[in-house]
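Everything on this sheet refers to the single structure shown next.
The values are calculated or read from the model by the stated rules, or taken from the named source; none is laboratory data. Every value quoted in this text rests on a predicted model; they were computed, and no experiment measured them. Here the Cβ is made from the backbone with ideal geometry for all residues, glycine too, and neighbour counts use every protein chain on show.
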Amino acid sequence: MTDPIDSRLTNLEIKASFTEDLLDRLNEIIVRQQSQIDHLLREVALLREQGRGAEPAPFRSLRDELPPHY
C-alpha cells in the first residue's frame, strides 16, 4: 500500500506537468496572435497611406442610383 503523502505528491506532480504543458501551449497561441496583430496593424497603416493619396470620391445622390424598375 502506498503512503498517502506519496500519492498526493504524485498527483501534484501530474497536475504540475499538465499545467506546464498548458502554459506552453497558451504561450505559443499568444505569440502567434501577437504576430497576427502586428501584421494587421501594418496592413491598416498601409491602407491609411493609400487612402490619403487617393482623390475623394465625388458626391453622388442615391437618386442617381435608382434601380431600373423605378
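Tabulated results
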item: Members of the range 26-70 found to be of a type in the set (D, E), part of a helix (DSSP H, G or I) and at pLDDT below 95, listed by number; result: E49, D64, E65
item: Residue, nearest to the chain's Cα centre (by Cα), within the range 12-64, restricted to residues that are surrounded by 10 or more Cβ atoms within 10 Å (Cβ to Cβ) and of a type in the set (S, T, Y); result: S35
